[in-house]
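Worksheet for the structure shown next.
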Amino acid sequence: MARFAVLGNTGVDITLQGALPSAPAGSDGWTDRNVRFLDQSPAAVVAGNGGAAAHVLARLGEQVTLVTALGTDPFGRMARDQLEGVGVEIRTEEDATTPVNIIGVAEAGGRASAYYTGSSVPWKFVLEDRFDWVFAAGYGQVGLEDLDTLGAIFGTVRNGGGKVAFDPGPWFARAPFLVRLKEVVEGVDCVLGTEEELGGVVSESDVETIASRLLSSGPACAAVKRGRAGALVATESGVVHQPVDPVEDAHSVGAGDCFNAVFLSAFARGRSPSEAVRSAVEFSRRVVEGGGGAAGASMDGLFDSV
């Protein structure tokens, strides 16, 4: 069992099976223009690239500390109950507010969101202790100062003997951050992200070229998430492509965050890259198929086949 610190966003996803009202709010009254009836009860689950990953890691038996922004409001208490219920230790600021994402999902799987971002993540809380692995992920409020802070934290962690994994997400993988982001990625052990995000980091579009360029810049491992095409993982031992059977008419909210957790847990346990990516893709598919987020997908037999 590894000791993980997870640095990232934590909130509550409220999913409505049926699109959000598309017409303007209109008058202050109950009309057929501003009300949409739902066939299924809304689902509310712990989410965010920090919260979801921490929840899954804990369910896998890892020792997890989550550095995040989580308030004492009703949504924050709900998320805290779910996280602490599986053994996650939470470090947050006293006056933090909780992110909330209201997601309307159409029958064909398309989605629209109304998102409250909550407070900033207090990254430096991770330096209060030592961990085997530190995993950090970008989120909607980040600025260049956050990237500078994370770069310094990563250096401190690695100098202390820990390993670092980083998923920049769409937030850091943007033009204002790319020069500094490339420098930060050079100082991590494992980089994870979507094909589009990591392609932007190295200015490449071919997935194998993306992975090889990332490895040549410093990380020992690059995991590239490809959605309906599965995933690819590259290490010095080679490149592994892992396909997936797509789930039709479903949304992928939370699947990438859960991929990260399973991949890192397997990797930290000494599983081979092919075993780690196979388990991560399988669990991500279960998340999409079940629609219940990090807390709802089954882990039965997850590592049996690897």
Exercise. Within 10 Å of each residue's Cβ, count the other Cβ atoms and sort L215, L302, L66 from fewest upward.
Key: L215, L302, L66
Quiz item: For the chain, modelled as a Gaussian network with Cα springs under 10 Å, which listed residue fluctuates most, V281, V86, V134?
Solution: V86
Practice problem: Tell me which residues come under 5 Å, amide H to amide H, from L16 once H is placed; ignore anything under 5 positions away on its chain. | Solution: I103, G104, V105
Quiz item: When all alpha-carbon pairs of the stretch 1-154 are counted, what percent fall beyond 21 Å?
Solution: 50
Practice problem: Would you mind calculating the relative contact order of the stretch 151-306 from Cα pairs under 8 angstrom and at least 6 residues apart, reporting the percent as a whole number? | Solution: 15
Quiz prompt | Formal net charge of residues neighbouring M1 (Cβ-Cβ distance under 13 Å; K, R +1; D, E -1) | solution = +1
Self-check item: In Hz, Karplus ³J(HN,Hα) per residue of the stretch 233-241 (6.51, -1.76, 1.60; θ = phi - 60°; x = Gly, Pro)
Solution: 10, 10, 9, 5, 7, x, 10, 10, 9
Practice problem: Would you pull out the residues with amide H under 5 Å of A5's amide H, same chain only if 5 or more places away, H placed 1.01 Å from N? | Solution: T65, W133, V134, F135
Quiz item: Across every pair of different alpha-carbon atoms, what Kirkwood hydrodynamic radius in Å does the chain reach?
Solution: 19.6
Practice problem: Please name which of H55, M1, G11 has its Cα lying farthest along the dipole of the chain towards the positive end, using unit charges on Cβ (Lys, Arg +1; Asp, Glu -1) and the Cα centre as origin. | Solution: M1
Quiz item: How long is the gain from R174 to F37 if the chain were fully straight, where each residue apart is worth 0.36 nm and the alpha carbon distance is subtracted?
Solution: 45.5 nm
Quiz prompt | For the chain, size of Cβ-based charge dipole, Lys and Arg +1, Asp and Glu -1, in debye | solution = 280
Exercise. Would you kindly derive the ³J(HN,Hα) couplings of the stretch 119-124 from the backbone phi angles with the Karplus curve 6.51 cos²θ - 1.76 cosθ + 1.60 (θ = phi - 60°), listing them in order in whole Hz, with x for Gly and Pro?
Key: 7, 7, 7, x, 3, 5
Quiz item: Shape call for the stretch 38-105 from the C-alpha gyration tensor, a ≥ b ≥ c root eigenvalues: rounded (a/c under 1.5), prolate (a/b greater than b/c) or oblate?
Solution: oblate
Exercise. Using Cβ-Cβ distances only, list the Cys residues of the chain with no partner cysteine under 4.7 Å, sorted by number.
Key: C258
Quiz item: Which of the GluC sites (Glu not before Pro) found in the stretch 67-115 are loop residues per DSSP with 14 or fewer other Cβ atoms within 10 Å of their Cβ?
Solution: E94, E107
Quiz item: Which is the longest run of the chain containing none of the chymotrypsin sites (Phe, Trp or Tyr not before Pro) found in DSSP loop states (not H, G, I, E, B) with at most 15 other C-beta atoms within 10 Å?
Solution: 38-306
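Every read-out reported here was derived from the displayed coordinates using simple, explicitly stated rules and does not represent laboratory data. Please read all numbers here as calculations on a predicted model, not as lab measurements. Glycine gets a Cβ as well: all are built from the backbone with ideal geometry, and neighbour counts include every protein chain shown.
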